[in-house]
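A short worksheet on the structure shown next.
The values are calculated or read from the model by the stated rules, or taken from the named source; none is laboratory data. Computed from a prediction, not measured in an experiment: that's the story for all the values here. Backbone-built Cβ (ideal geometry, glycine too); neighbour counts: all protein chains shown.
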Amino acid sequence: MKAIIANKKGIENIEIREIDIPKIRQNEVLIKIKAIGVNPVDWKGVESGEFGSSYILGSDISGIVEGIGNKVTKFKKGDEVIGSLDWNKQGAYAEFVASEERFLTTKPKNLTFIEAAAIPMASLTAWQGIFDKLGLSKNEKIVIQATAGGVGLFALQFAKWAGAFVIAIASEKNTAFLKSLGADMVLDYNKIDFSETLENIDAVFDSVETAEESFKILKKDGKYVGISSLSTPISKKLIAQYDVTATKYLFKSNNKQLKEIVMLIENSDIKIFIDKVFSFSEVKKALKYQKNGHSRGKNIIVPD
Ligand SMILES: NC(=O)c1ccc[n+]([C@@H]2O[C@H](COP(=O)([O-])OP(=O)(O)OC[C@H]3O[C@@H](n4cnc5c(N)ncnc54)[C@H](OP(=O)(O)O)[C@@H]3O)[C@@H](O)[C@H]2O)c1
């Protein structure tokens, strides 16, 4: 099978190689990959070397079950699945992958494989931030940074589904689009300093790294979550000074939550937005486009 391998650090050093189809263990499912979701961590990992020196890139897949280990109970050959694979192993950018069934759930019936590959990491990150960490509830005011991005579009839709008042931060070209998805207010970060404009906000979902500016707009006891620059801790002094709750977190692949998200998608409560679709041979182009940081929704790679 073809697999996309990070060999040495740097996007330019990525190689497409012919390797053996993986063998499955007893608790694993062999999946024929139909589409792969690109996440910022894919290029960040290649540049930093955080996943090692030689590995198959990527986390998010959609595909068809090709074989099952004898301890697999939830899936059978021919099932259509999605999932975010084991973070420590990566392995999604390939024609086949072996994955433990706990990372997988059934693909939404109303989506193509390309659309379905957009779901796992971005939606789980948004879900865990909006519900598990912020506990967002009806009528609360939330500011969502990078709202038009892969994670932001899920965060916006989950927050609206929860009945919150959403202030979206994006560039002007995304204003009408975000309002059409229910954003109550959209601020253009190129023209408006949100930290000077807003006040008395209940919650901030931050994908950009704006902790101190966000604390300024939060009400006393307001809540902040950040998902970028996880190695830079939030200052405890600032948290105490502004009297807020603040945390950064790494999402967790969770097939129970993914199943709940799939139900919302099948119910047409949540929509999927694809920016660009690339082939395997365009992988470097795909990662550079993602790195540029202005995608609207998700980028996808499909086997050639
Ligand atoms: N901790 C975790 O578990 C976790 C999980 C997933 C992602 N992440 C991280 O979260 C971040 C976002 O991920 P993503 O997949 O949503 O990225 P993405 O899709 O690449 O985000 C692109 C969006 O960012 C917006 N943007 C760029 N600069 C901005 C700024 N200064 N202010 C506001 N918006 C800005 C762009 O809007 P315009 O085009 O309008 O400029 C674009 O819509 C990344 O750093 C990623 O590594 C963390």
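Just a few scattered comments:
- Hits in the range 191-226 - residues which are within 24 Å of the chain's Cα centre (by Cα), in a loop (DSSP other than H, G, I, E, B) and not charged (D, E, K, R): 207, 208, 210
- Residues of the range 121-158 classified as away from the ligand (no atom under 13 Å from the Cβ) and not in a helix (DSSP H, G or I), total: 9
- Among the residues of the range 1-35, those identified as in a strand (DSSP E or B) and among the hydrophobic types (A, V, I, L, M, F, W, C) are 3, 4, 5, 6, 16, 29, 30, 31, 33, 35.
- Test result for residue 291, within 11 Å of the ligand (Cβ to nearest atom), part of a helix (DSSP H, G or I) and modelled with pLDDT of 95 or more: yes
- Screening 177, 205 for residues that are closer than 27 Å to residue 41 by Cβ and either touching a Gly at 6+ places or on another chain (Cβ under 9 Å) or modelled with pLDDT under 95 (or both) leaves exactly one candidate, 205.
- Between 259, 284, the distinction of being away from the ligand (no atom under 16 Å from the Cβ), in contact with a helix residue (DSSP H, G or I) (Cβ under 6 Å, 6 or more places away or on another chain) and under 30 Å from residue 101 (Cα atoms) belongs to 284 only.
- Any hit, the range 101-117, residues being assigned to a loop (DSSP other than H, G, I, E, B), within 14 Å of the ligand (Cβ to nearest atom) and within 20 Å of the chain's Cα centre (by Cα): yes
- Selected residue (criterion: farthest from residue 281 (Cα to Cα)) from residues of the range 26-70 that are out of contact with any strand residue (DSSP E or B) (no Cβ under 9 Å at 6 or more places or on another chain) and not acidic (Asp, Glu): 70
So that you can scan it fast, the table gives a plain yes or no per residue for (1) out of contact with any His (no Cβ under 9 Å at 6 or more places or on another chain); (2) among the aliphatic types (A, V, I, L, M); (3) surrounded by 18 or more Cβ atoms within 10 Å (Cβ to Cβ):
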site	(1), (2), (3)
214	yes, no, yes
235	yes, no, no
245	yes, no, no
259	yes, no, no
263	yes, yes, no
272	yes, yes, yes
286	yes, yes, yes
302	yes, yes, no
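- Set 72, 97: member being hydrophobic (A, V, I, L, M, F, W, C), buried (at least 21 other Cβ atoms within 10 Å of the Cβ) and more than 16 Å from the ligand (Cβ to nearest atom): 97
- Complete set of residues in the range 229-245 that are within 14 Å of the ligand (Cβ to nearest atom) and in contact (Cβ under 8 Å) with a residue 12 or more places away in the chain: 229, 230, 232, 233, 234
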